[in-house]
1. Can you spot a residue in segment 119-129 that is under 25 Å from A68 (Cα atoms), in contact with a Pro (Cβ under 6 Å, 6 or more places away or on another chain), open to solvent by less than 90 Å² (accessible area, probe 1.4 Å) and not small (G, A, S)?
2. Looking at S140, S103, S97, can you tell me which residue is farther than 26 Å from G31 by Cα, touching an Asp or Glu at 6+ places or on another chain (Cβ under 7 Å) and hydroxyl-bearing (S, T, Y)?
3. Working only within segment 42-93, note down all residues that are within 22 Å of A144 (Cα to Cα) and among the charged types (D, E, K, R).
4. Can you tell me which condition L123 does not meet? The list is (1) modelled with pLDDT under 85; (2) part of a helix (DSSP H, G or I), and all the others hold.
5. For S143, all conditions in the list (1) under 17 Å from the mean Cα position of the chain (by Cα); (2) outside any strand (DSSP E or B) hold save one; what is the number of the exception?
6. Can you tell me which residue in segment 30-41 is farthest from Q149 (Cα to Cα), limited to those that are surrounded by 15 or more Cβ atoms within 10 Å (Cβ to Cβ) and not hydrophobic (A, V, I, L, M, F, W, C)?
7. Test of understanding: among V75, V138, which residue is farther than 14 Å from I33 by Cα and either β-branched (V, I, T) or assigned to a loop (DSSP other than H, G, I, E, B) (or both)?
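The values are calculated or read from the model by the stated rules, or taken from the named source; none is laboratory data. Source: prediction; values computed, not measured. FYI the Cβ positions are ideal-geometry reconstructions off the backbone, even for glycines, and counts take in every protein chain you see. Protein only, heavy atoms only, side chains kept; ligands, DNA and RNA dropped before computing areas. Shrake-Rupley method; radii C 1.70, N 1.55, O 1.52, S 1.80 Å.
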Amino acid sequence: MSDEEHHFESKADAGASKTYPQQAGTIRKNGYIVIKNRPCKVVEVSTSKTGKHGHAKCHFVAIDIFTAKKLEDIVPSSHNCDVPHVNRTDYQLIDISEDGFVSLLTDSGDTKDDLRLPTDEALLKQIKDGFAEGKDLVVSVMSAMGEEQICALKDIGPK
């Protein structure tokens with residue numbers, strides 16, 4: 001063994017997987033699934049029994065949680081599907097910049113400045129109007145597979 005010191009580049013990521021496997025037959029409506037490398041919320045599941053030597057198949061209809069696009073997939077029920085790790089975190093809204101980014105306050109007291117305003121028109125209007133009125137707003141941020149987006153808004157009263 002040598003007495004040399006080894007230096008490793010450290011990354012912020014712990015190397016945890018963005019998805020985990022789950023048997024297709026156990027995924028239910030309102031659960032999550034990865035279809036075409038997109039995290040989706042399942043809105044419909046139907047199972048078909050097939051012939052003599054075939055697999056029973058699960059037909060998933062799901063909506064992308066970030067783009068709201070409808071995606072479909074058919075998977076044998078005994079096979080594994082990828083299920084995304086989906087987290088929802090609440091942050092207090094501090095500021096909205098002119099280039100469409102928001103400044104949020106984390107639980108630890110730090111600021112998070114790397115999120116854009118949502119593309120959903122109704123939610124965007126609610127956030128801008130509430131902020132203009134000087135209300136204390138808390139936004140819910142959904143994160144999955146390395147993506148984040150504001151998905152909901154709560155008013156916690158005037159400042």
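1. From segment 119-129, those under 25 Å from A68 (Cα atoms) are 119-129; that's our starting set.
Right, trim to in contact with a Pro (Cβ under 6 Å, 6 or more places away or on another chain) and you get 124.
In the following step, the residues that additionally are open to solvent by less than 90 Å² (accessible area, probe 1.4 Å) were identified as 124.
Subset that is not small (G, A, S): 124.
Yes, segment 119-129 has at least one match.
2. Values: S140 fails: farther than 26 Å from G31 by Cα; S97 fails: touching an Asp or Glu at 6+ places or on another chain (Cβ under 7 Å).
Only one candidate passes the filter, namely S103.
3. E44, D64, K69, K70, E72, D73, D82, R88, D90
4. (1)
5. If we test S143 against (1) under 17 Å from the mean Cα position of the chain (by Cα); (2) outside any strand (DSSP E or B), just (2) comes out false.
6. Of all residues in segment 30-41, those surrounded by 15 or more Cβ atoms within 10 Å (Cβ to Cβ) come to 31-35, 38-41.
From what's left, not hydrophobic (A, V, I, L, M, F, W, C): 31-32, 38-39, 41.
On the way: G31: 19, Y32: 16, R38: 14, P39: 12, K41: 15 Å.
Once the filter is applied, the top-ranked residue is G31.
7. Values: V75 fails: farther than 14 Å from I33 by Cα.
On inspection, the qualifying residue turns out to be V138.
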